[in-house]
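Novice: I'd like to ask you about the structure that follows.
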Amino acid sequence: MKMSDRVQSANITPAHAAAAVLAQANARSGVHSARGLLPVLPAVIFLLLFFVAPLVQNGTHSIWLPSPEGGRFSVEYYAKLFSDSYYVTVIGQTILLSVIVTAICAVLGYPVAYFMVRHAGRWNGLIIFLLVAPLLTSIIMRTFGWSVILGRNGVLNSALLGLGLIERPLRLLQGPSSVVIGLVHVLVPFMVISIAAVLKGVDQRLEEAAELLGAGRLRTFREVTLPLSLDGVATGSIVVFMLANGSFLTMLLLGGGSVVTLPLLIYQQFLLVQNLGFAAAMGNVLLALAVFSLFLQLRLIRRQGVQR
Amino acid sequence: MRVHVLRRMERGVPRVLLLGYVLVFFVFLLAPIFFVVLVSLSDAAFVTFPVTDFSLRWYYRLLEYTPLLASLWFSLKLAAASAILAAVIGVPAALALARSTSRAADVVSTFLLAPLSIPMILLGVALLYNLSAIGLGLSFASLLIAHAVVSIPYVVRTVVAVYRSIGRDYEESAAILGASNRQIFTYITLPLIGSGIFSGMLFAILISLDNLSLSLFFGSAQTNTLPVAMLSYLQNQFDPAIAAIGTVQMAIAFVVLLVIERTVGLEYMSSPS
Amino acid sequence: MYRILRTAWQLVVCCGVLAPGPALAADLTVTAFGGVWEKSLRTCYIEPFQKRTGKTIDVVLGTPAQWVNQIAANAQKPPIDVLLTLIDGAEDAKARGLVEKIDPARIPNLADVPEPFKKVVDGYAVATHFGAAGLAYNEAKIKNPPKTWNEFIERTLKGEWQAALPGINVASTTPAAVIWNFNDVLGGKGSDITLVIAKMKALRDSGNVVFWNDVNQFLTQMQSGEADIGIYWDGRAWAARDGGFKTLNFYYPAPGGVVNPTVAQKVKNSPELAWEFMDFMFSPEPQSCWAAAIQYPVVNTKATYKPEQKARMPDWHAVRWPPFAEILANMPRWVETWNKEVGR
């Protein structure tokens, strides 16, 4: 051994020792190897049985079409979805709407989460209740509530007319704006709760330290709080995006058909046409798009990750 | 001294603005609900606004038209059971995934989140045929499985997010101080990820209670969830009973959250001060 | 936390899984829509039948798409024995081979039912009662409503009022009452719907039309003033008027309302008791009770009605019968065309 090594080995501090112990423990439990993933088995098996199996069935329906002889193999549904400009537009609209709703929810929801975690204290339970309450009434009644508010003779228009801010009533219902409002209304609680769950774990002393070192409130937020809570924003975005992607009742009831998304077309196939094959093909396209965007988001998080 | 006051104002002004924003936010959130509760107290025989006469008769109607309350009770049981099942299956998976750096973890993560992205109608129909084929048919068990499938992603996702953002320090310190794995899990990890488990299960419960597309195909005389019962009810009348049952659901949520707060404490959701 | 979870799980398991299960299933299961429909079904059909025969009957609430799929998934031991559904659900059930052809010998009471009601779905179903789509309007706003369907379309285009029309997603309404109906009165033939699509586009672009995609939305729109007149169902319109919407009036424009019957089907592999129940369903007394309860006319010619109901009822000779089977065969193309051209 060289002189430097011997010196180094004589300078083993408790921290080094602990790190060594932990490294050994980690290696044993295989954190860096796939063996550490053993606890995921129940979840994976459960989903294989009750998610993948139905999925495969769906996939089969979409390419094995019924025919007088018993069945034939065809990818015509997929071809139609990608070649017909109408369906391409619908796919695009679905993604665009989900992105817009997610962005709005993130911007609107973060301050509320911040308030909830930092300033609310005893009122936490009440805030959670207020966030959750809208989701507990049926969508039919929520739609009714929105029609009372946004209708031509509704509360909002009466107020705006009364204040002289507009001259003719706004036609908000039956258009894209009411769809966005309806979706944000229902999905922003998910965003708030996701962010709050992570923000709660952000050590306030880090913020205080930053301020002591001279950073203003805005800078502290931008460079300390926000990055540390990014996982919460990411979770919220994933959840909101997925939920928006799969919703159709809001488009149906609040949009009056002005916004057509893929789930709505799938619902139509069930309700009006009973063409399971086409519905399955659309479902698979939706699934593929969603999984792809999911994968992207997860990669993004990993790169920004709070791995220590 | 003046600087001190200014500093205090500098802290105070943003806080007031934040409070103001939060109040406006909640007005937005609760506005339609306000009208729903109002309508439930209406005396009219169908949903109409403005409400001129008030009465509780639609709440009494819930007592005599039993399917709505029965399906509410069923929905609550189902929501709780599926959330718990999702937590039992999902939390260990989330913990393993959050700490793993192997390539497989990314794939498994995406896989466990995938059920979020399938349209629930398709999943419902496919599961109906699947579960009927293996003999589970239209039963509580089928619904439990179906709801758990769509709940697992929520629990996994929120727990992973919280666990990753906490960092290993606490657990490492405990390990150095001699705690066993089980002790670390019970006294350190679990409390720290409490907010993740809580929010994941909360999402699971909400999704389950409001779930129409998935539950639609499993409804039967014994297994009917509230959204399906409401949909069926609305085919032929549009009366305030629907508003009443929505208000009842909110009241139940209020009571449950109150109980949780008094017993376990909702400090899961706010910073330790 | 762990203890709480465990206790909760134990609670749930004992309450949920041990709840009364299929072991206590009834002798017969029938389908029903919820609310007043289900209550009336119990009062007029189920309870009397149970009392008479001593057998028990279960009621499944839901919607036709759900029921048909449930039967298809368990074809050998269907969870439903008698399917009470709308025409499109019935056609779907027949197409999938899930129901039996109606045997008049097993349902003697069918002798009192007129032919058209027995010919629906090619004899694989019998209509139990029917309603017809017409125009519902606000008397306070419209003083001389249109006399014919064509007049309705033209005056809406001219902007005399705001009209509410069902969008494509209202399954039991739009295909027959809008697409086929308008096409028919405009002179369109068969499955070629270019005429009606052109008119729908004009109506959409005129700014005088709002579309409803949920059957209750129409009432909300009428009440709030978003619309003053629109296509709707007789039973629901009268129920709304009786329920408090005093200015809502309803009628069938010439050449007639568009009929939509509710039908009963016997599911394959269901017990013989199903035939007995269906026969009971078509006897005059229960049918009269049913008519009074849900305010729709029934098919048995011997049934009796209250005078105020008789005044409102459509004459079954005068309603127009859409070619349901053809409409359903055309649905894929029609839905796609509507989506691309009208998009509502």
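Novice: Which of the residues belonging to the stretch B:181-211 are farther than 30 Å from A:Thr137 by Cα and open to solvent by 40 Å² or more (accessible area, probe 1.4 Å)?
Specialist: B:Asn181, B:Arg182, B:Gln183, B:Phe185, B:Thr186, B:Tyr187, B:Ile188, B:Pro191, B:Leu192
Novice: Return a yes/no flag: does the stretch A:123-144 have any residue that is more than 7 Å from chain B (Cβ to nearest Cβ) and not in a helix (DSSP H, G or I).
Specialist: Checked the stretch A:123-144: no residue is more than 7 Å from chain B (Cβ to nearest Cβ) and not in a helix (DSSP H, G or I).
Novice: If C:Ala227 passes every condition in (1) assigned to a loop (DSSP other than H, G, I, E, B); (2) more than 13 Å from every other protein chain (Cβ to nearest Cβ); (3) open to solvent by less than 10 Å² (accessible area, probe 1.4 Å) but one, which one does it miss?
Specialist: (2)
Novice: Can you give me the number of residues within the stretch B:94-113 that are within 21 Å of B:Thr189 (Cα to Cα), part of a loop (DSSP other than H, G, I, E, B) and small (Gly, Ala, Ser)?
Specialist: 1
Novice: Another question about this same structure. Determine which member of the set C:Lys143, C:Lys158 is over 26 Å from the mean Cα position of the chain (by Cα) and either modelled with pLDDT under 90 or under 25 Å from A:Leu173 (Cβ atoms) (or both).
Specialist: C:Lys158
Novice: Right, another one. When both residues are 6+ apart or on different chains and their Cβ atoms are under 9 Å apart, which pairs have a first residue that lies in the stretch B:171-182 and is without any contact (Cβ under 8 Å) to a residue 24 or more places away in the chain, and a second that is of a type in the set (D, E, K, R)?
Specialist: From residues that are without any contact (Cβ under 8 Å) to a residue 24 or more places away in the chain, the pairs are B:Ala179/B:Glu171.
Novice: In this structure, is A:Thr235 of a type in the set (Ser, Thr, Tyr) and touching a residue at least 60 places away in the same chain (Cβ under 8 Å)?
Specialist: No; evaluated as a whole, the condition is false for this residue.
Novice: Is it the case that the stretch C:247-258 has a residue that's in a loop (DSSP other than H, G, I, E, B) and hydroxyl-bearing (Ser, Thr, Tyr)?
Specialist: So far as the stretch C:247-258 goes, yes, one or more of its residues are in a loop (DSSP other than H, G, I, E, B) and hydroxyl-bearing (Ser, Thr, Tyr).
Novice: Let me ask another. Between residues in the stretch C:96-114 that are closer than 23 Å to C:Pro64 by Cα and residues that are open to solvent by 80 Å² or more (accessible area, probe 1.4 Å), which pairs lie under 7 Å by C-beta distance while being six or more apart or on different chains?
Specialist: Listed by first residue and then by second, the contacts come to C:Leu98/C:Lys268; C:Val99/C:Lys268; C:Glu100/C:Lys268.
Novice: I want to confirm something. Restricting to the stretch C:290-344 and keeping residues that are of a type in the set (Gly, Ala, Ser) and exposed (fewer than 14 other Cβ atoms within 10 Å of the Cβ), which single residue is nearest to C:Asp122 (Cα to Cα)?
Specialist: C:Ala318
Novice: Between A:Ile128, A:Ile95, which is open to solvent by 10 Å² or more (accessible area, probe 1.4 Å), touching a residue at least 12 places away in the same chain (Cβ under 8 Å) and farther than 30 Å from C:Ala95 by Cβ?
Specialist: Just one listed residue meets the conditions, A:Ile95.
Novice: Anything in the stretch C:101-117 that is of a type in the set (D, E, K, R), farther than 17 Å from C:Phe280 by Cα and modelled with pLDDT under 90? List them, or say none.
Specialist: Once the filter is applied, which keeps residues that are of a type in the set (D, E, K, R), farther than 17 Å from C:Phe280 by Cα and modelled with pLDDT under 90, the stretch C:101-117 yields only C:Glu115.
Novice: Name, by its number, the condition in (1) within 11 Å of chain C (Cβ to nearest Cβ); (2) open to solvent by 10 Å² or more (accessible area, probe 1.4 Å) that does not hold for B:Gly219.
Specialist: Result: B:Gly219 fails condition (2) only.
Novice: Go over the candidates B:Gly178, B:Gly167 one by one and state the one that is open to solvent by less than 10 Å² (accessible area, probe 1.4 Å) and under 30 Å from B:Thr101 (Cβ atoms).
Specialist: Checking each option against the conditions leaves just B:Gly167.
Novice: Kindly list the number of the only condition in (1) in contact (Cβ under 8 Å) with a residue 12 or more places away in the chain; (2) within 8 Å of another protein chain (Cβ to nearest Cβ); (3) part of a helix (DSSP H, G or I) that fails for B:Phe238.
Specialist: Evaluating B:Phe238 over (1) in contact (Cβ under 8 Å) with a residue 12 or more places away in the chain; (2) within 8 Å of another protein chain (Cβ to nearest Cβ); (3) part of a helix (DSSP H, G or I) leaves (3) as the failure.
Novice: Please verify whether the stretch A:112-124 includes one or more residues that are touching a helix residue (DSSP H, G or I) at 6+ places or on another chain (Cβ under 6 Å), touching a residue at least 40 places away in the same chain (Cβ under 8 Å), open to solvent by less than 50 Å² (accessible area, probe 1.4 Å) and closer than 27 Å to A:Met282 by Cα.
Specialist: Checked the stretch A:112-124: no residue is touching a helix residue (DSSP H, G or I) at 6+ places or on another chain (Cβ under 6 Å), touching a residue at least 40 places away in the same chain (Cβ under 8 Å), open to solvent by less than 50 Å² (accessible area, probe 1.4 Å) and closer than 27 Å to A:Met282 by Cα.
Novice: Restricting to the stretch C:310-331, give me the number of residues that are assigned to a loop (DSSP other than H, G, I, E, B) and under 24 Å from C:Gln295 (Cα atoms).
Specialist: 9
Novice: Moving on. So for the stretch A:290-304 (the condition being of a type in the set (Val, Ile, Thr) and modelled with pLDDT of 85 or more), does at least one residue qualify?
Specialist: No, that holds for no residue.
Novice: May I ask you to say which residue of B:Leu216, B:Leu258, B:Leu190, B:Leu177 is among the aliphatic types (A, V, I, L, M) and touching a helix residue (DSSP H, G or I) at 6+ places or on another chain (Cβ under 6 Å)?
Specialist: Exactly one residue qualifies, and that residue is B:Leu216.
Novice: I'm trying to understand the selection: among the residues of the stretch B:129-152, which are over 23 Å from B:Ala80 (Cβ atoms) and either in a helix (DSSP H, G or I) or within 7 Å of chain A (Cβ to nearest Cβ) (or both)?
Specialist: B:Tyr129, B:Asn130, B:Ser132, B:Ala133
Novice: Condition first: part of a helix (DSSP H, G or I), more than 9 Å from every other protein chain (Cβ to nearest Cβ) and open to solvent by 30 Å² or more (accessible area, probe 1.4 Å). Can you find one or more residues in the stretch B:75-84 that meet it?
Specialist: Yes, the stretch B:75-84 contains a residue that is part of a helix (DSSP H, G or I), more than 9 Å from every other protein chain (Cβ to nearest Cβ) and open to solvent by 30 Å² or more (accessible area, probe 1.4 Å).
Novice: When the stretch B:90-114 is examined, which residues are found to be under 19 Å from the mean Cα position of the chain (by Cα), buried (at least 24 other Cβ atoms within 10 Å of the Cβ) and at the interface with chain A (Cβ under 8 Å from one of its Cβ atoms)?
Specialist: Scanning the stretch B:90-114 gives B:Gly90, B:Leu112, B:Leu113.
Novice: Then there is this: Inspect the stretch B:211-220 for any residue being in a helix (DSSP H, G or I), in contact with a Leu (Cβ under 6 Å, 6 or more places away or on another chain) and over 14 Å from B:Ser75 (Cα atoms) and give the result as yes or no.
Specialist: yes
Novice: Let me ask something else. Take B:Leu23 and tell me if it is more than 7 Å from chain A (Cβ to nearest Cβ), buried (at least 19 other Cβ atoms within 10 Å of the Cβ) and in a helix (DSSP H, G or I).
Specialist: For B:Leu23, the condition - more than 7 Å from chain A (Cβ to nearest Cβ), buried (at least 19 other Cβ atoms within 10 Å of the Cβ) and in a helix (DSSP H, G or I) - is not met.
Novice: Does at least one position in the stretch A:218-229 carry a residue that is surrounded by 24 or more Cβ atoms within 10 Å (Cβ to Cβ) and at pLDDT below 85?
Specialist: Taking every residue of the stretch A:218-229 in turn, at least one turns out to be surrounded by 24 or more Cβ atoms within 10 Å (Cβ to Cβ) and at pLDDT below 85.
Novice: Let me ask something additional. I need the full set of residues from the stretch B:36-59 which are aromatic (Phe, Trp, Tyr), open to solvent by 20 Å² or more (accessible area, probe 1.4 Å) and part of a helix (DSSP H, G or I), in order please.
Specialist: Result: B:Tyr59, single match.
Novice: With the checklist (1) open to solvent by 70 Å² or more (accessible area, probe 1.4 Å); (2) at pLDDT 85 or above; (3) of a type outside the set (A, V, I, L, M) in hand, flag the one item A:Phe46 doesn't pass.
Specialist: Failing condition for A:Phe46: (1).
Novice: Of everything in the stretch C:98-144, what is touching a strand residue (DSSP E or B) at 6+ places or on another chain (Cβ under 7 Å), open to solvent by 30 Å² or more (accessible area, probe 1.4 Å) and part of a loop (DSSP other than H, G, I, E, B)? Give them in sequence order.
Specialist: C:Glu100, C:Tyr124, C:Glu139, listed by residue number.
Novice: Then there's this: Find all pairs meeting these conditions: Cβ atoms under 7 angstrom apart; at least six residues apart or on different chains; first residue within the stretch A:183-209 and facing chain B (nearest Cβ under 9 Å); second residue not in a helix (DSSP H, G or I).
Specialist: A:Val198/A:Ser229; A:Leu199/A:Ser229; A:Lys200/B:Ser270; A:Lys200/B:Ser271; A:Val202/A:Ser229; A:Gln204/B:Ser271
The values are calculated or read from the model by the stated rules, or taken from the named source; none is laboratory data. Note that the structure is predicted; figures quoted are calculated from it, not measured. So basically every Cβ, Gly included, is an ideal-geometry build from the backbone, and we count neighbours across all protein chains shown. With ligands, DNA and RNA removed, areas are computed over all heavy atoms of the protein, side chains included. Shrake-Rupley method; radii C 1.70, N 1.55, O 1.52, S 1.80 Å.
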